[in-house]
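Data block below; observations after.
Rule-based calculations on the coordinates, nothing more; no lab input. Quick caveat, the model's predicted, so the values are computed rather than measured. Positions of Cβ are backbone-derived with ideal geometry, glycine not excepted, and every protein chain shown enters the neighbour counts.
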Amino acid sequence: MPPIQLIVGLANPGKEYADTRHNAGAWFVEEIAVSTQTKLQAQTKFHGLYGNARLEAQPCHLLIPTTFMNLSGQSVAACMRYHKILPDAVLVAHDDLDLPVGTVRLKFDGGDGGHNGLKDIMRHLNTKQFYRLRIGIGRPSHQKTSVDYVLDSPTKAERIKIDEGIYLAKEALPLIAAGEIQKAMQQLHSTPPSA
């Protein structure tokens with residue numbers, strides 16, 4: 001499998017969304033940027049915050065689109081075109097309602113699961129064949145719609161669990177970056193989320 005050349009963290013732009021569940025993908029990329037001492041800077045041509053990191057000895061582009069979520073594909077496609085990156089060398093990190101809070105799963109291909117960011121990326125790339133890092137945020141209680149839930153901040157306890165999941169994903173990054181996806185999946189999927 002080819003090494004991952006681009007890691008995208010999906011988010012909505014602006015301070016009012018920075019701490020909302022929908023921005024969990026961006027939290028992952030921000031964590032990589034901190035740990036690799038990579039500065040993420042606004043890059044107009046990519047419609048996003050962009051940095052060039054090194055994961056072990058492997059160079060890797062980092063991107064957080066600054067379009068709204070449902071226009072994420074514009075940013076991802078622009079960065080891929082510029083750097084001549086193929087879809088199977090892309091990892092998109094995103095929040096996932098179908099996973100328990102803090103559970104993290106790695107997968108290749110598949111549907112959009114109702115996620116507008118993924119939907120737009122598929123539309124722009126004309127393929128579903130890229131990697132996804134699914135960061136579990138759980139489902140809302142019956143009183144709250146999914147839209148309100150993802151645009152709300154997690155509780156303190158939930159944020160701790162999400163951060164723990166992000167840390168586990170970061171631990172698997174050397175394998176992901178090297179294209180050792182099956183090994184990375186084994187490592188990630190065999191670690192139970194904290195209670």
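At a 10 angstrom cut-off on C-beta neighbours, averaged per residue, how do the peptides 180-188, 94-102, 58-66 rank from highest to lowest? It would help to have the intermediate numbers written out before the result.
Working: 180-188: 17.1, 94-102: 20.6, 58-66: 22.7.
Top to bottom by mean Cβ count within 10 Å: 58-66, 94-102, 180-188.
If Lys and Arg each add +1 and Asp and Glu each add -1, what is the summed charge of the other residues whose beta carbon sits under 14 Å from the beta carbon of Glu171?
Details: positive: Lys170, Lys183; negative: Glu31, Glu56, Asp163, Glu164, Glu180.
Summing Lys and Arg as +1 and Asp and Glu as -1 gives -3.
Would you give the gap between the C-alpha center of segment 142-195 and the C-alpha center of segment 1-20, rounded to a whole Å?
13
Could I get the Rg over Rh figure for the chain? Both from C-alpha atoms, Rh via Kirkwood, rounded to two places. Working shown, then result.
On the way: Rg = 15.2 Å, Rh = 16.3 Å.
Using Cα coordinates only, the ratio equals 0.93.
When you count, for each residue, the other Cβ atoms within 10 Å and take the mean per peptide, how do 145-158, 22-35, 115-128 rank with the highest first?
Details: 145-158: 13.6, 22-35: 22.5, 115-128: 19.3.
Top of the packing list down: 22-35, 115-128, 145-158.
Report the calculated FRET efficiency for Lys156 and Leu71 (r = Cβ-Cβ distance, R0 = 35 Å), to the nearest 0.05.
0.70
In the chain, which whole DSSP H runs stretch at least 15 Å along their own axis (Cα) and average 0.5 or higher on the Kyte-Doolittle scale?
In the chain, the long hydrophobic H runs are 24-35.
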